[in-house]
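Just below is one structure, and these are the notes that go with it.
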Amino acid sequence: MPAVPPPRSPDNDPVFRRVLVISTALAFGGMLASLALFEDGPGGLLLRFHWAAVPLFLSGCLVAALFWRLVFRVALRGDAASGRRLRLMVAGLGLMAIAAFFYPLRFVSAEKRMDVLFGMGLAFVVLGLAMTMWWKVIRWLSADEPKDGET
């Protein structure tokens, strides 16, 4: 009888890791490139090619690839220095994501900007409350679960 290979998990599956890195790189690169592609036109928003989209796309791809490389290193080694670098990178990516989220506000007219900001703030509050509820329910449901290795 032939030997059965060990089951694949996200920890040891190179195909999964490759798909994860490539898809995140394309998404992050596309998000950064889109910041250079949109401009304000007479009839509203215009999508036009701009040379800055290419380096922004490549930068986004590189940052995403470096992020996952650091995540995999922390998962493999778990040393404190890599953990600190990962926390700093997550904080930087979070700030970059917030900036990219608010960047399109420059296309909103001044008289409607407060309404848009109010709506966005309300959305943040509602989503934050929903996420807090989910977190508490998950903690409540898993409170009686045995820890790893326990029965």
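Rule-based calculations on the coordinates, nothing more; no lab input. All of these numbers come straight from a predicted model, not from anything done at the bench. All Cβ positions, even for glycine, are placed from backbone atoms using ideal geometry, and neighbour counts span all protein chains on display.
Round to the nearest 0.05 the FRET efficiency obtained for residue 59 and residue 145 when R0 = 30 Å and r is the Cβ-Cβ distance.
Details: r = 42 Å, r/R0 = 1.40.
Here the calculated transfer efficiency is 0.10.
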* Asked: If the label point is 7 Å along Cα→Cβ of residue 68, which residues in the stretch 22-53 have backbone nitrogen under 14 Å from it?
  -> 22-30
* **Among 65, 141, 101 the positive-end extreme of the charge dipole of the chain (Cβ point charges)** => 65
* **Of 127, 88, 66, the one that fluctuates the most in a GNM where the chain has Cα springs shorter than 10 Å** => 127
* Asked: Counting other C-beta atoms within 10 Å, which of 98, 22 has the fewest, and how do the rest follow?
  -> 98, 22
* Asked: Among all stretches of the chain without exposed trypsin sites (Lys or Arg not before Pro) (DSSP loop, at most 14 other Cβ atoms within 10 Å), which one is longest?
  -> 78-146
* Prolate/oblate/rounded label for the stretch 96-149 (Cα gyration tensor, a/c 1.5) -> oblate
* Asked: Which length gain, in nm to one decimal place, applies between residue 93 and residue 123 when the Cα-Cα distance is subtracted from 0.36 nm times their residue separation?
  -> 8.7 nm
* Asked: Using the scaling law 2.2 N^0.38 Å as the reference, what is the normalised Cα Rg of the chain?
  -> 1.44
* GNM flexibility winner over the chain from 33, 123, 52 (Cα, springs under 10 Å) -> 123
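Quick one: if the Förster radius is 25 Å, what FRET efficiency do residue 39 and residue 111 give, using the C-beta to C-beta distance and rounding to 0.05?
Working: r = 21 Å, r/R0 = 0.82.
The formula returns an efficiency of 0.75 here.
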* Asked: By count of other Cβ within 10 Å, fewest leading, how are 24, 132 ordered?
  -> 132, 24
* Length-normalised contact order for the chain - Cα pairs under 8 Å, 6+ apart - percent -> 18
* At 222 nm, what helix-only mean residue ellipticity would the chain give, in deg cm²/dmol to the nearest 500, using -39500 (n - 2.57) for each DSSP H run of four or more? -> -24500 deg cm²/dmol
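Note down the magnitude of the dipole of the chain about its Cα centre, charges +1 on Lys and Arg C-beta and -1 on Asp and Glu C-beta and zero elsewhere, to the nearest 20 debye. Mind showing how you got there, number by number?
Details: 16 positive and 11 negative charges, 83 e Å.
Magnitude of the dipole: close to 400 debye.
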* Within a Gaussian network of the chain (alpha carbon springs, distance under 10 Å), most fluctuating of 91, 27, 130 -> 130
* Structure fact -> Summing +1 per Lys or Arg and -1 per Asp or Glu among the other residues with Cβ less than 15 Å from residue 91's Cβ gives +3
